[in-house]
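Computed from the coordinates by the stated procedures, all read-outs in this text should not be read as laboratory data. Note that the coordinates shown come from a computational prediction; the quantities given were computed from them, not determined experimentally. Counting neighbours? That spans all protein chains shown, and the Cβs are built from the backbone with ideal geometry, glycine included.
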Amino acid sequence: MLVVMSHDATQADTDRVVTAIQALGFQARPIPSEHRMAIGVVGNDRRVEADTVEGLPGVKEVIHVSAPYKLVSREWQAHDTVVTLPNGVSIGGREVVVMAGPCGVESEAQLMETAAAVAQAGARVLRGGAFKPRTSPYSFQGMGEEGLKLLAKARDAYGLAIITEAVDPESLDLVEEYADIIQLGARNMQNFALLKRAGRARKPVMLKRGPSATLKEWLLAAEYILAEGNAKVIMCERGVRSFEDYTRNMFDLNAIPVIKQLSHLPVVGDPSHGTGRRELVGPVSKGAIAAGADGIIVEVHRDPTQAKSDGMQSLYPSQFEALMGDLRSVANGVGRSL
Ligand code: PEP
Ligand code: MN
């Protein structure tokens, strides 16, 4: 429930509403804005009996938020959330933001060469996992803090922002220290302890959709982060499991406009994990931007044949450069810049 106060309501009116909400056993969150105060009611997954609140002085309107998720919903916040990074890049505004880089950080030369190429082609955010969640315990698990140091070095050298994954609360402590965006991976979408920890982080979080998560489950996972106080959340569609086995996952294009309608949070598409095949990354990236994505995250490797993970879906730097030109045209076609 959202209580909208009239523009001439006083602080005492607001305080009275807060007290009334608390007396009903819920939490009240004042949401000041330029024109008027609103007060959100959280901690309820049932309908609040609003009569006592509706009649209080200064109350203009009571809006029932019908969805089980509240803070992430459009009903709660009508305007788009825009996440701004230290290098001046904003995600969720008019600009479509391209994040690119290797699946994993493998060595200084691999990262620096790839970073130079993606920055040169126009990417604004460098990706690269230092902690890799792998299906097999015998596969490359990432370079850990050493990898984070290399990412920081590449950021400073090329004016990029950096995004990298945290796989558990311990790695999140480290990732929070180094990264500009903390990535939570598909396999951890419903790791509630990790979501809560990310909600207490000082950095923006990109939350990937779980491989078999419904849109509602995904939004509720984001709600965990916002409920802990971190409003800087970016949603990332990366494909879901389906009966089709030609592609690694089935990129859900529908998810992009649906999330934009249901939520104010920015949405990014990941055509690399969404397809698993290099030759499909271009067409699916274009589709994602045309469908309203605020950005895409693409795997690029200086030599995909040598990649320790996800080489099959990683673009060669020259392919990425060509793709950037196409993406710019698509972005312009839907009234955005890139
Ligand atoms: C990744 O971004 O490299 C990754 C592991 O992605 P996902 O969590 O979507 O599988
Ligand atoms: Mn990967």
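Take the Cβ-Cβ distance between residue 250 and residue 318 as r, set R0 to 30 Å, and report the resulting FRET efficiency rounded to the nearest 0.05. That pair, residue 250 with residue 318, gives E of 0.60. Only the Cβ atoms of Lys and Arg (+1) and of Asp and Glu (-1) were treated as charged; on that basis the dipole of segment 83-333 about its Cα centre amounts to roughly 400 debye.
Normalising the Debye intensity of the chain to I(0), with uniform scatterers on Cα atoms only, and taking log10 at q = 0.06, 0.11, 0.12 Å⁻¹ returns -0.23, -0.70, -0.82. Ellipticity at 222 nm from helices only: DSSP H runs of n ≥ 4 in the chain, each -39500 (n - 2.57), divided by the residue count, give -10500 deg cm²/dmol. Taking only alpha carbon atoms, segment 2-63 gives an Rg to Rh ratio of 0.92, where Rh is the Kirkwood radius.
If a spin label sat at a point 7 angstrom from the Cα of residue 145 along the line to its beta carbon, the backbone N atoms of segment 177-209 nearer than 13 Å would be those of 177-178.
Measuring against 29 Å, Cα to Cα, the residue pairs 196/308; 153/260; 149/208; 208/308; 153/232 contain 196/308; 153/260 as the ones spanning a longer distance.
Among 202, 241, 134, the residue with the largest mean-square fluctuation in a Gaussian network model of the chain, with springs joining Cα atoms closer than 10 Å, is 134.
Multiplying the residue separation of residue 334 and residue 231 by 0.36 nm and removing their Cα-Cα distance gives an extension gain of 34.4 nm. Between residue 192 and residue 51, residue separation times 0.36 nm minus the direct Cα-Cα distance comes to 47.3 nm.
Taken over segment 142-221, the ratio of Cα radius of gyration to 2.2 N^0.38 Å equals 1.12. For segment 189-335, the spread of Cα positions along the three principal axes, ordered from largest to smallest, is 42, 37, 34 Å. In this rough spin-label picture, where each label sits 7 Å from Cα along the Cβ direction, the residue 120-residue 326 distance is 2.1 nm. With r defined as the distance between the Cβ atoms of residue 66 and residue 109 and R0 fixed at 41 Å, what FRET efficiency is calculated, to the nearest 0.05? The computed FRET efficiency comes out at 0.15. Could you check which residue among 201, 100, 193 shows the biggest mean-square fluctuation in a GNM of the chain with a 10 Å Cα cutoff? Per the Cα network of the chain with a 10 Å cutoff, 193 tops the list.
Its alpha carbons give segment 296-338 an Rg and a Dmax of 12.5, 38 Å.
Of 252, 156, the sequence from fewest to most neighbouring Cβ atoms within 10 angstrom is 156, 252. Diagonalising the gyration tensor over the Cα atoms of segment 68-213 and scaling each eigenvalue by 5 before taking the square root yields semi-axes of 25, 21, 13 Å, largest first. Size check on segment 1-159: the Cα extents along the three principal axes, sorted descending, read 66, 36, 23 Å. FRET efficiency for the residue 12 to residue 306 pair, using the beta carbon distance and R₀ = 45 Å, is estimated at 0.10. Scoring 268-276, 70-78, 232-240, 317-325 by mean Cβ neighbours within 10 Å over their residues and listing the highest first yields 268-276, 232-240, 70-78, 317-325.
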